[in-house]
Protein chains: 2
Amino acid sequence: MVREQELRPGEEATTPPAASDAGLVFIGRIHTPWTTRLETPRQGRQDGPICRLEIFPPWHRALAGLEAYDTVEIIYWLHLSRRDLILQSPKRDGAARGTFSLRSPVRPNPIGTSMARLVGIQDNIVAVRGLDCLDGTPLLDLKPDRCRFSPGDA
Amino acid sequence: MVREQELRPGEEATTPPAASDAGLVFIGRIHTPWTTRLETPRQGRQDGPICRLEIFPPWHRALAGLEAYDTVEIIYWLHLSRRDLILQSPKRDGAARGTFSLRSPVRPNPIGTSMARLVGIQDNIVAVRGLDCLDGTPLLDLKPDRCRFSPGDA
């Protein structure tokens, strides 16, 4: 969604509380083919282009064992998104819906989640398909797909 | 996972960077039947007990439209988790795996995600089944299940 500071008909913004209840550390950076919001897909596709997750120190070794999974949950920070909209009009048609009924990047905590196919891991680089975010997006977390995960394992 | 400050054989901790790259706002609080980590399930079940998400102002109205979905992605903050482990030994058997190959709550950014069944919404309370977190867990976000979501919608 291309979204600057304008409000569309039907939309409603609030003055959000300070975002100081907890703090995040960026554990890496996501490299994708998309450098503008206009060209970025709205939803990733499992046959989409390869994207690379660069893992920062000291977290490289925390990848050990991830290679056993073919689907990985990727959690990232939508760093360009505004955070103050309560109602949004995705189709710009005057019909507005609540922020929590949309997967729009515009939300109080702009956290994106995707299920991606693991292509390979080399050193501190994880290659995946299925992402939908801008080049340079900060990375927050990686986890094995919950569907493939045996509760006995952790 | 019951986890205090001890290190098990094979585990490795780091001194993590300051968690100041971005800030979170708690949009609500999760009410569950589980008040200690020992009794909290490791993975939620779709036939598990009803849990209630209390949405704080000013975000109540951002729920509008969510009632149309039967599965909701819940994103929450695992506020009691340590954040410094690179290698973890879930089975306490000396075999350690990387943090990113586990769904353990112990991670650099302790963000939990669950797919929950929507039971109902009344005012600022969302009732769901399928969670696996402690009573009082801070809520970060709600989104429609990506599988049920039509890319044309947002």
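Each copy carries a label point for A:D21 at 7 Å from Cα toward Cβ; from one copy, the others' points are 2.1 nm away, ordered from shortest. In order along the stretch B:15-24, phi translates into HN-Hα couplings of 9, x, x, 4, 8, 10, 6, 7, x, 10 Hz, rounded to whole numbers, per the Karplus curve 6.51 cos²θ - 1.76 cosθ + 1.60 with θ = phi - 60° and x for Gly and Pro. Along Cα-to-Cβ, 7 Å out, sits the label point; list in nm, shortest first, how far the one on B:Q5 is from those in the other copies. For B:Q5, the inter-copy label distances come out at 4.6 nm.
Under Stokes-Einstein, with the Kirkwood radius over Cα pairs standing in for Rh, what whole-number D in µm²/s applies to the stretch A:58-105 at 25 °C and 0.890 mPa s? It comes out at roughly 172 µm²/s. Model label points for A:D135 and B:R45, set 7 angstrom from Cα along the Cα-to-Cβ axis, are 4.8 nm apart. Distance from the alpha carbon centroid of the stretch B:20-37 to that of the stretch A:69-143 works out to 20 angstrom.
In the elastic network of chain B, a GNM with C-alpha springs shorter than 10 Å, the most mobile of B:G130, B:G98, B:G28 is B:G98.
The tail of the calculated P(r) for chain A beyond 18 Å holds 61 percent of all Cα-Cα pairs. Indicate the gyration tensor shape class of the protein assembly as shown (rounded, prolate or oblate), computed on the Cα atoms with a ≥ b ≥ c the square roots of the eigenvalues: a/c under 1.5 is rounded; otherwise a/b larger than b/c is prolate and the rest oblate. In terms of gyration-tensor shape, oblate. Close amide H partners of B:D141, meaning residues 5 or more places away or on another chain with modelled amide H under 5 Å apart, are B:I75. Prolate is the label for the stretch A:64-147, because the ratio a/c of its alpha-carbon gyration tensor axes (a ≥ b ≥ c) is 1.5 or higher and a/b is greater than b/c. In the complete set of protein chains, residue-level accessible area for A:S20 is approximately 90 Å², probe 1.4 angstrom.
Evaluated at q = 0.23 Å⁻¹, the base-10 log of the normalised Debye intensity for the stretch A:1-86, with identical point scatterers placed on the Cα atoms, takes the values -1.32.
When all protein chains stay in place and ligands, DNA and RNA are ignored, the 1.4 Å accessible-area order of A:V119, A:V25, largest first, is A:V119, A:V25. In order along the stretch B:104-109, the phi-based Karplus estimate (6.51 cos²θ - 1.76 cosθ + 1.60, θ = phi - 60°) of 3J(HN,Hα) comes to 3, x, 7, 6, x, 10 Hz; Gly and Pro are listed as x.
Backbone amide hydrogens, once placed in the peptide plane, bring B:T71 within less than 5 Å of B:L118, B:D145, excluding anything fewer than 5 places away on its chain. Net charge in the neighbourhood of B:C51 (other residues with Cβ under 12 Å of its Cβ; Lys, Arg +1, Asp, Glu -1) is +2. Couplings 3J(HN,Hα) of the stretch A:36-48, computed from phi: 9, 5, 4, 8, 6, x, 6, 9, x, 10, 5, 9, x Hz, in residue order, whole Hz [Karplus 6.51 cos²θ - 1.76 cosθ + 1.60, θ = phi - 60°; x for Gly and Pro].
The values are calculated or read from the model by the stated rules, or taken from the named source; none is laboratory data. Computed from a predicted model, the values in this text were never measured in an experiment. Every residue, glycine among them, receives a Cβ derived from its backbone with ideal geometry; neighbour counts consider all protein chains shown. We work out accessible area using only protein heavy atoms, side chains counted, and drop any ligands, DNA or RNA first. Shrake-Rupley method; radii C 1.70, N 1.55, O 1.52, S 1.80 Å.
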